[in-house]
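See below for the structure under consideration.
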Amino acid sequence: MKRTKIAVLVSGGGTNLQAILDASARGELPHAEIALVLSNHKKAYALERAAAAGVPTAVVTKKQAGSQAAFEAAMMAELVKYGIEMIVMAGFMSILTRDFTDQWTERMINIHPSLLPAFGGEGCYGLHVHEMALSRGVKVTGATVHFVNEIPDGGKIIAQKAVNVEPGDTPERLQRRVMEQAEWIILPQAVEQVAAELAHREDDLNV
Ligand code: GAR
């Protein structure tokens with residue numbers, strides 16, 4: 001059976017990466033091979049999670065690259081080096097331009113901590129998203145997995161899961177509940193779904 005080679009892009013703690021690695025270890029991602037974890041921060045704890053799971057890592061920073069174009073070219077070079085066929089953005093806090101996203105149409109997915117299109121777009125990331133949801137007074141929030149295109153958080157939606165806001169929630173408490181009840185569940189499922197679609201497409205081409 002063909003397995004799709006996947007790079008997970010990270011910037012920080014990497015709990016979503018961990019959910020993918022754990023699902024893979026449990027045999028729940030039969031069509032996905034986690035072949036690379038790529039970070040845009042040298043000190044991202046996600047890199048340690050990858051190393052502990054025996055997954056190769058790479059670091060590409062915008063500062064070192066010097067420009068957005070050079071940053072994206074350096075990322076692309078790593079992806080090519082590892083034969084990557086699909087990208088998963090799991091807490092990757094850098095916006096990529098159309099030059100990059102056009103090369104990964106329907107092969108790059110992202111997890112976002114709200115029910116898009118609510119609380120999405122530039123500036124909506126991490127804890128800020130939950131602060132916005134609480135200050136707006138929503139009673140239900142959640143998480144979304146979507147394809148990535150040139151519009152931040154604007155690509156076609158693959159999966160969503162709703163999570164209740166509880167009285168007395170802080171952004172941190174809400175963030176944790178959204179991760180536990182939505183992100184860590186729907187992201188590995190979406191990874192397998194898209195990886196399987198890509199693997200089957202390859203099989204069809206090879207018939
Ligand atoms: C997650 O909540 C993820 O949905 C969010 O950042 C957090 C990363 O946590 N992503 C975004 O806001 C992207 N716009 P993690 O590093 O522990 O997976």
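What pairs come up if the first residue lies in segment 78-98 and is at positive phi, the second is surrounded by fewer than 23 Cβ atoms within 10 Å (Cβ to Cβ) and in a helix (DSSP H, G or I), and their beta carbons are under 9 Å apart, counting only those six or more places apart or on different chains?
From segment 78-98, the pairs are GLY91/THR15.
Please work out which residue is surrounded by the fewest Cβ atoms within 10 Å (Cβ to Cβ), limiting yourself to segment 159-187 and to residues that are away from the ligand (no atom under 14 Å from the Cβ) and not small (Gly, Ala, Ser).
For segment 159-187, the residue satisfying everything is PRO167.
I'd like the full set of residues that are in a loop (DSSP other than H, G, I, E, B) and polar (S, T, N, Q), limited to segment 157-186.
Here is the first cut: in segment 157-186, the residues in a loop (DSSP other than H, G, I, E, B) are 165-170.
Selection gives THR170 alone.
Starting from residues that are assigned to a helix (DSSP H, G or I) and not charged (D, E, K, R), keep the ones in segment 34-60 and report whichever is nearest to the chain's Cα centre (by Cα).
Top of the filtered list is ALA46.
Inspect all residues belonging to segment 151-158 and state whether any of them is under 25 Å from PRO30 (Cβ atoms) and of a type in the set (Lys, Arg).
Checked segment 151-158: at least one residue is under 25 Å from PRO30 (Cβ atoms) and of a type in the set (Lys, Arg).
If a residue has to be among the charged types (D, E, K, R), modelled with pLDDT of 95 or more and not in a helix (DSSP H, G or I) to count, how many in segment 113-156 make the cut? Please lay out each step first, then the result.
Initial filter on segment 113-156 (among the charged types (D, E, K, R)): 122, 131, 136, 139, 150, 153, 156.
From the residues that got through so far, the ones that are modelled with pLDDT of 95 or more too are 131, 136, 139, 150, 153, 156.
Filter once more, keeping what is not in a helix (DSSP H, G or I): 139, 150, 153, 156.
Number of matching residues: 4.
Out of the residues in segment 123-158 that are hydroxyl-bearing (Ser, Thr, Tyr) and touching a residue at least 12 places away in the same chain (Cβ under 8 Å), state the one that is farthest from the ligand (Cβ to nearest atom).
THR141
Got a sec? Which helices (runs of 4 or more DSSP H) wholly within segment 61-108 have at least 1 residues that are within 16 Å of the ligand (Cβ to nearest atom) and under 20 Å from VAL191 (Cα atoms)? I'd like the intermediate steps shown before the answer.
On the way: elements: 62-65, 68-81, 98-101.
The qualifying helices (runs of 4 or more DSSP H) are 98-101.
Per-residue answers, yes or no, for (1) surrounded by fewer than 17 Cβ atoms within 10 Å (Cβ to Cβ); (2) within 16 Å of the ligand (Cβ to nearest atom); (3) among the small types (Gly, Ala, Ser):
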site: GLY12; (1), (2), (3): no, yes, yes
site: ILE20; (1), (2), (3): no, yes, no
site: SER39; (1), (2), (3): no, yes, yes
site: TYR45; (1), (2), (3): yes, yes, no
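The values are calculated or read from the model by the stated rules, or taken from the named source; none is laboratory data. Values in this document were obtained by computation on a predicted structure and should not be read as measured data. All Cβ positions, glycine included, derive from the backbone under ideal geometry; neighbour counts span all protein chains shown.
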